[in-house]
Structure formats: structure tokens, C-alpha cells
Amino acid sequence: MKARKTKDIVRVLEKKGFVLNPNKDHHNFYYLEIEGKKHNIYTYLSHGISEYNTNLMSRIKKQLSFNDTSLAEDFFDCPMTAEEYVKMLIKNGVLKHFNQDN
């Protein structure tokens, strides 16, 4: 995974359905929320880091349940939509299928 600025990571996470948990203060804790429901997909971002190196980006990749680095890069570069991300999580058995129409 390539290095990325923290502000860019946050922007993408929020665009793709991740929400900051305000009750966590040691790190910025972002969890996936779909239709108002929290899911067990989350990542932590440090308050003091302005750019995440390749090693830290690989950790975020794992936390977000990506098996493939190219898919993770697509997620952060934005060709992958939030809907495509959720479909990938369902396909990989990370999320149970749910009705998105309700």
C-alpha cells in the first residue's frame, strides 16, 4: 500500500460510510455504519500522525478486511464506491447480507 496523508484517509472513510466514535480519545476510532447500524469493521487513526507510511497502510488494509492490496488502493483512490465495498464485505463473509431497501 502506498503512503497517504491522514486527512485524505479520513475523507475517504467518511465518504464510504465510516463514522468517528466521539467516545474514543486516545486514537480516532472510525467504524462502518450502514443504515444507522454499527458494524464490526473499524480502524484507528492516531492524533499525531500527518501521513501513514506503507506499513501503517497495510494495517489499515487488514482492519478494513481487504484481502487484495489493489482493491484497498481502489477504495482509497475512490474507483470503489461505498456500495461496492459493502458488496465485497458480504461476498467475503465479513458482513451478513442485509436488505438495503429497508
Practice task
Give the number of residues within segment 1-39 that are assigned to a strand (DSSP E or B) and out of contact with any strand residue (DSSP E or B) (no Cβ under 8 Å at 6 or more places or on another chain).
Solution key: 2
Problem - The lone exception for residue 31 - which of (1) in contact with a Lys or Arg (Cβ under 7 Å, 6 or more places away or on another chain); (2) farther than 19 Å from residue 59 by Cα it fails - result: (2)
Handout entry: Boolean, residue 36 is open to solvent by 20 Å² or more (accessible area, probe 1.4 Å), small (Gly, Ala, Ser) and closer than 12 Å to residue 82 by Cβ
Key = no
Practice task
Name every residue in segment 40-55 that is open to solvent by less than 80 Å² (accessible area, probe 1.4 Å), over 17 Å from residue 89 (Cα atoms), in contact with a strand residue (DSSP E or B) (Cβ under 7 Å, 6 or more places away or on another chain) and not aromatic (Phe, Trp, Tyr), in order of residue number.
Solution key: 45, 46
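Residue by residue, here is whether (1) modelled with pLDDT of 95 or more; (2) open to solvent by 70 Å² or more (accessible area, probe 1.4 Å) holds:
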| residue | (1), (2) |
| --- | --- |
| 31 | yes, no |
| 57 | yes, no |
| 63 | yes, no |
| 72 | yes, no |
| 75 | yes, no |
| 78 | no, no |
| 88 | yes, no |
| 96 | no, yes |
| 101 | no, yes |
Practice task
Please work out if residue 18 is under 11 Å from the mean Cα position of the chain (by Cα), at pLDDT 95 or above and open to solvent by less than 100 Å² (accessible area, probe 1.4 Å).
Solution key: yes
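The values are calculated or read from the model by the stated rules, or taken from the named source; none is laboratory data. None of the values given here were measured: they were computed from a predicted structure. All Cβ positions, glycine included, derive from the backbone under ideal geometry; neighbour counts span all protein chains shown. What goes into the accessible areas is simple: the full protein's heavy atoms, side chains included, and nothing from ligands, DNA or RNA. Shrake-Rupley method; radii C 1.70, N 1.55, O 1.52, S 1.80 Å.
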